[in-house]
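Trainee: Below is a structure I'd like to ask you about.
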Amino acid sequence: MVPPLGFVVCGAPLAARSAEVARTLVGAGWELAVGVTEAAAEWIDPQLLTEASEHPATVRRRRPTEHRRSPRPDRVVAFPLTFNTANKIAHGIMDNHVTGTLCDALAIGAPIVATLMVSTRLWGHPVWSMTLTRLGDAGVRFLDPRTGHVGPPTPVESGTGRQIVDGFDPAWVVNAVKSLPPPTQ
């Protein structure tokens with residue numbers, strides 16, 4: 001069985017476009033394994049992601065008595081990736097199913113595309129540059145939510161979330177995933 005593309009959604013304004021991005025990825029031929037943080041569920045109804053991906057969106061960790069819902073992904077899209085989740089995974093903190101997916105991907109060297117949604121207000125936090133360095137050194141590719149370019153991460157101007165949401169093109173994610181190197185496994 002071919003592993004699905006991991007598609008994790010964190011809580012930020014851009015999460016409102018995640019169902020559209022999921023539909024675009026499915027339309028491009030990807031099977032998705034969708035994980036949604038509690039915070040993201042405030043921005044997007046997980047049922048919309050289930051419908052868009054044609055598979056149940058996971059909103060919680062599986063219980064010890066439950067079987068794995070899908071094979072582990074060999075590549076992951078974080079859309080969007082927030083300050084909170086980025087800092088957690090850079091430090092190996094797996095306290096929910098989304099950080100678990102991302103930490104697992106980092107540990108095996110699986111390609112990750114991350115659309116950072118981090119404001120200029122948080123960009124100067126003392127731990128942030130270390131987080132970006134760790135993630136970049138691990139091979140995470142950063143997709144700019146304003147232009148669709150993959151490259152060095154940049155902050156989002158505080159207060160511009162609505163404009164970024166309105167201007168985002170889901171095809172940017174498909175193009176970024178297509179450009180990923182093959183998985184190392």
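Each reported figure results from applying straightforward, stated rules to the coordinates on display, with no laboratory input. Keep in mind that this is a model prediction, so the values were computed, not measured. We place every Cβ from the backbone using ideal geometry, glycine too, and count neighbours over all the protein chains shown.
Trainee: Given a Förster distance of 30 angstrom, what is the FRET efficiency for Lys178 paired with His125, based on the Cβ-Cβ distance and rounded to 0.05?
Mentor: So the FRET efficiency works out to roughly 0.35.
Trainee: Give me Rg/Rg_expected for the chain, where Rg uses Cα atoms only and Rg_expected = 2.2 N^0.38 Å with N residues.
Mentor: That works out to 0.93 for the chain.
Trainee: Also: Tell me, in nm to one decimal, what length is gained between Thr133 and Met94 on full extension, where the rule is 0.36 nm per residue of separation less the Cα-Cα distance?
Mentor: In short, 12.1 nm is gained.
Trainee: Compute, for the chain, the length of the dipole vector about the Cα centre, with Cβ point charges of +1 (Lys, Arg) and -1 (Asp, Glu) only. Units Debye, rounded to 20.
Mentor: Charge dipole, the chain, about its Cα centre: 360 debye, nearest 20.
Trainee: Of the options Pro170, Val127, Met94, report the single residue whose Cα projects farthest towards the positive end of the charge dipole of the range 85-171 (beta-carbon charges: Lys, Arg +1; Asp, Glu -1).
Mentor: My answer, from the dipole projection, is Val127.
Trainee: Taking the simple approach of a point 7 Å from Cα along Cα-to-Cβ for both Ala107 and Glu20, what is their distance in nm?
Mentor: Distance between label points: 3.6 nm.
Trainee: What is the range 5-178's relative contact order, in percent, from Cα pairs under 8 angstrom and six or more apart in sequence?
Mentor: Working: 314 pairs, mean separation 40.7, N = 174.
For the range 5-178, the relative contact order is 23 percent.
Trainee: Return Ser179, Ser18, Ser119, Ser53 ranked ascending by Cβ neighbour count within 10 Å, so the fewest neighbours appear first.
Mentor: On the way: Ser179 11, Ser18 30, Ser119 15, Ser53 24.
Fewest-to-most ranking of Ser179, Ser18, Ser119, Ser53: Ser179, Ser119, Ser53, Ser18.
Trainee: So, one more: Along the range 164-170, what does the Karplus equation 6.51 cos²θ - 1.76 cosθ + 1.60 (θ = phi - 60°) give for ³J(HN,Hα), rounded to whole Hz, x for Gly and Pro?
Mentor: 5, 4, 5, x, 6, 10, x
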